[in-house]
Amino acid sequence: MVRPKPWVMEAPIYRPRTYRGIVARLDMNESPNPPPEHVLRAAERELARMNRYPDVEIMEALVEALADYAEVGREEVLPAAGSDMVIRAIFDAYVDRGDGVCFPRYGFAMYSIYSRLTGARPRLLDMSIVGDEFRVREEELEDLGGCRVFFIDRPNNPTGSPLVDAGLLRGMVEEYGETLFVVDEAYYEYYGETLKDLALGHGNVIVTRTLSKAFGLASMRVGYAIAREEALDPLRRALPPFPITRPSAAAAIAALEDRGYVYEHVRQVGQLKSLVYGRVREMGARPYRSRANFLLIEMPVEGVERKLRERGVAVRPTVLGERWIRVTMGTRGEVDLFLNALEEVLGERT
Ligand SMILES: Cc1ncc(COP(=O)(O)O)c(C=O)c1O
């Protein structure tokens, strides 16, 4: 047998979950709303051309739509198949075997998985709870000398916290010119704060974003990077030739024009977060403040995720431990199913 790289065989496989028996799918931080009709139509029109590779024109139109939305120049934006693929390209272009890669201890799973696939040395930055938010401990940020790349998801998945103040990050970017700072803004639309100006002002910063969340296009796999041209150039080289399909590009272009849809979705998510925050507290659980489309909740007992699943409600177990769940703001109906099931599960303990 041909021997693969040993560190590849030690990396975990990302296994999507099954939804057999699930009626409320609140574990993937997706938008619960189907896409607007005109987005569907745009994708359908391109399906009829699936015999052709995506051409330059459609990709240019996508870049233009993204640049317009992000209010950056066309050369400062680079799309790929989900922000996952952008992150993967960052590893391919910037990280060597043995390099230090730094990221929050509880953060988006792919920083760790890609580090291991690359044979890099992950350094997990400890976090602490301040009030009802999480932060990266300041002492963890005192020496970033060993970090070739520093990833921060802002807001962070699974806590929903921004983790590090923008001012502190700005200082770090100035001080560590040899470190690439990747600010993962997958939940930007819910938070409203961006560090894109930092990326446009410094060659060692890349912002990543996605249309999988607030734009409701998770299956279409469209994400993008915002950075200076010199920081994007290595990523362009690392990406495969046709990372985005024609239907995906067309859906993304149509969705990017419809800002009202996103605005309304973000408003709904905000309302549901307040509702769930209040109700779970009444039930004796501890929710944390979240700037994204989900809530991290500390339960008074273990095993809640499994018991909810048995009742048809999928929430996410988290690396914080057995008592913690992450729940996505789905439709009002799904959220009610979650709250009712949780009441039952927590009521059972007495
Ligand atoms: C912080 C963060 N970054 C990136 C992603 C990946 O998004 P995409 O669908 O664009 O690959 C996710 C998805 O959950 C996420 O939570």
### Message
Checking the structure you have, find out if any residue of the stretch 125-138 is at pLDDT 95 or above, in a loop (DSSP other than H, G, I, E, B) and surrounded by fewer than 18 Cβ atoms within 10 Å (Cβ to Cβ).
### Response
yes
### Message
List pairs: first residue in the stretch 224-245 and assigned to a helix (DSSP H, G or I), second residue open to solvent by 60 Å² or more (accessible area, probe 1.4 Å) anywhere in the structure, Cβ distance under 9 angstrom, at least six positions apart or on different chains.
### Response
Glu229/Glu75; Leu232/Glu75; Pro234/Asp92; Leu235/Asp92; Arg237/Asp92; Ala238/Arg88; Ala238/Asp92
### Query
Quick one: in the stretch 284-294, which of the residues that are touching a helix residue (DSSP H, G or I) at 6+ places or on another chain (Cβ under 6 Å) and open to solvent by less than 30 Å² (accessible area, probe 1.4 Å) is farthest from Glu264 (Cα to Cα)?
Pro287
### Message
Can you find, within the stretch 194-213, the residue that is nearest to Gly82 (Cα to Cα) among those that are open to solvent by 10 Å² or more (accessible area, probe 1.4 Å) and away from the ligand (no atom under 15 Å from the Cβ)?
### Response
Lys196
### Query
Among the residues of the stretch 239-267, which ones are over 24 Å from Leu47 (Cβ atoms) and surrounded by fewer than 16 Cβ atoms within 10 Å (Cβ to Cβ)?
Arg259, Gly260, Tyr263, Glu264, Arg267
### Within the stretch 214-232, considering residues that are open to solvent by 50 Å² or more (accessible area, probe 1.4 Å) and touching a strand residue (DSSP E or B) at 6+ places or on another chain (Cβ under 9 Å), the one farthest from the ligand (Cβ to nearest atom)
Arg228
#### Entry: Residue that is surrounded by 20 or more Cβ atoms within 10 Å (Cβ to Cβ) and more than 16 Å from the ligand (Cβ to nearest atom), where the choices are Leu144, Leu163, Leu180, Leu168
Leu180
### Query
Which one is farthest from the ligand (Cβ to nearest atom), of the residues in the stretch 80-128 that are among the acidic types (Asp, Glu) and under 20 Å from the mean Cα position of the chain (by Cα)?
Asp126
### Task
Check Glu302, Glu230 and return the single one that is out of contact with any Ser or Thr (no Cβ under 7 Å at 6 or more places or on another chain), more than 24 Å from Ala80 (Cα to Cα) and not aromatic (Phe, Trp, Tyr).
Glu302
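The values are calculated or read from the model by the stated rules, or taken from the named source; none is laboratory data. This is a predicted model, so every value here is computed, not measured. For neighbour counting, all protein chains shown are included, and Cβ atoms are generated from backbone atoms with ideal geometry for every residue, glycine included. Just the protein is used for accessible areas: all its heavy atoms, side chains included, with ligands, DNA and RNA removed. Shrake-Rupley method; radii C 1.70, N 1.55, O 1.52, S 1.80 Å.
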